[in-house]
Each structure stands twice: as structure tokens, then as C-alpha cells.
Amino acid sequence: MYQLLAAAVLVLGFSPVVSAEPLKLVVLGDSLSAGYQLPADEAFPAQLQAALQKRGHDVEVVNAGVSGDTTADGLARLDWSVGPDANAVIVELGANDALRGLPPEKTRENLSEIVSRLTERNVKVLVAGMLAPRNLGDDYASSFDPIFADVSRIHGALLYPFFLQGVAMKPELNLADGMHPTGEGVSIIVQNMLPAVEDLISRVN
């Protein structure tokens, strides 16, 4: 019977249908990527998925952002926030560490552990950098700002230097609190990050 079916496939030109799962990209972050006070379709993961699909990528972008999360919180929930089916992760954490004036060495330790554990799972990582508020002083900023580039380099991850590039300090692109991007602000972040994200997904085996 098997030989007859095989012959029919060859003669009739049938080909088996293979339904590949979309690449799963998880955004592990805080309120900046979670979409604080925004409709779900205006949050960073939703807008990123739409932009990637428009460019022909079969990608599902999962919103694993939790408002208020520090790098320690992200590390604590890493295993259940980034499931075994994740192919790639954007790590967007650190802003709340700086806002709370937490020791930069702890931020570095937590972020390094997150990226290390994901890399060990063969999950490709893009680290989204953050800058310390300048009112914390030059010493704090000089200790905090290089963390993201250093961790990316050590673990062979990709780096997007500053998640809020082009949006920070622009009132028209932020909510009334001056810290969280509007839907328009998010769209600018997405467009700015697209080349880095496309590089990330190109690295998935």
C-alpha cells in the first residue's frame, strides 16, 4: 500500500503539506514594552509583530512585560515567562533599577544571569539598553550605562543601545508622566529597532 501511495505522489505531483510554526519572539520587559496605559494593539510587542509580518516574517511576538519589574523580578520569573518554545528574546529591563537607585552591580549581575540562562537554552537574545536618569549623578550613570553593552558582548548577544532612542524627553511622544511612550512613540521605537530585530530572528536556527 505504501508503495502505491508513493507512486501516486510521484505521478500526480502531490507534495506533502508542511505547516511550520511561526518563530516565537518573547519580549521580556517592564512597563515600557508591556504597553503601560495603551490599548493592547499599540503596545510594543503588537506593533513589532505587525511590522515584522508586513516585512514578510512569520513571527509571533509575545508580550511578557510586567509593569514595575526590575532585573531581579525578570530573573525570578524567567523560566515561566519564556517557555521552552521560545526561539528568541528581547530583554528590556533595567529602567526600574535605575529609577529606584538600585546598585548597578546587582543590575549587571541579574541581567548577565538572564542572558546567560537564555543563551544556554540556545535562545537568541537581543538586549535593549537603558540609560540612568542624570539626576542620580555622574558616578551612578558611569556605572549603570555600560552594563547592557558589556553583558551583550560577554554572552554574544545582540545589543540595541537605548530602547527609548528617538522618544525619550519628547513630550509629544510620551504620556503625561513623561516616561512612558504613547502609541506613536512606540511606533518610532519599533521602526528604529527593526534592523536589530531582523538581525536577531535571522540568527535563529
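Overview of results
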item	result
Partners for K24 among lysines (Cα-Cα distance below 25 Å; same-chain residues under 8 apart left out)	K54, K124
Antiparallel bridges, percent of DSSP beta bridges restricted to the range 51-205 (to nearest 5)	10 percent
Packing rank of 74-86, 150-162, where each peptide gets the mean count of other beta carbons within 10 Å, highest leading	150-162, 74-86
Rounded tilt (10° steps) of 44-54 against the dominant C-alpha axis of the chain	40 degrees
Probe 1.4 Å, accessible area per residue of the chain, Å²	52 Å²
Distance from the range 99-138 to the range 29-96 (C-alpha centre basis), Å	15 Å
All-pairs Cα distance distribution in the chain, expressed in whole percent, bin size 5 Å	1, 7, 15, 19, 18, 14, 8, 4, 3, 3, 3, 2, 1, 1, 0, 0
Charge sum, other residues only, whose C-beta stays under 10 Å from G185's C-beta, Lys/Arg counted +1 and Asp/Glu -1	-2
Chain lengthening between M169 and A20 when straightened (0.36 nm per residue, less Cα-Cα)	49.4 nm
The chain: calculated mean residue ellipticity at 222 nm from DSSP helix runs of at least 4, using -39500 (n - 2.57)	-13000 deg cm²/dmol
Shape of the range 87-205, Cα gyration tensor, a/c cut at 1.5	oblate
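The values are calculated or read from the model by the stated rules, or taken from the named source; none is laboratory data. Not measured: the values here are computed from a predicted model. Cβ sites come from the backbone with ideal geometry, for glycine too, and all protein chains shown count toward neighbours. Ligands, DNA and RNA are excluded from the accessible area calculation, which covers all protein heavy atoms including side chains. Shrake-Rupley method; radii C 1.70, N 1.55, O 1.52, S 1.80 Å.
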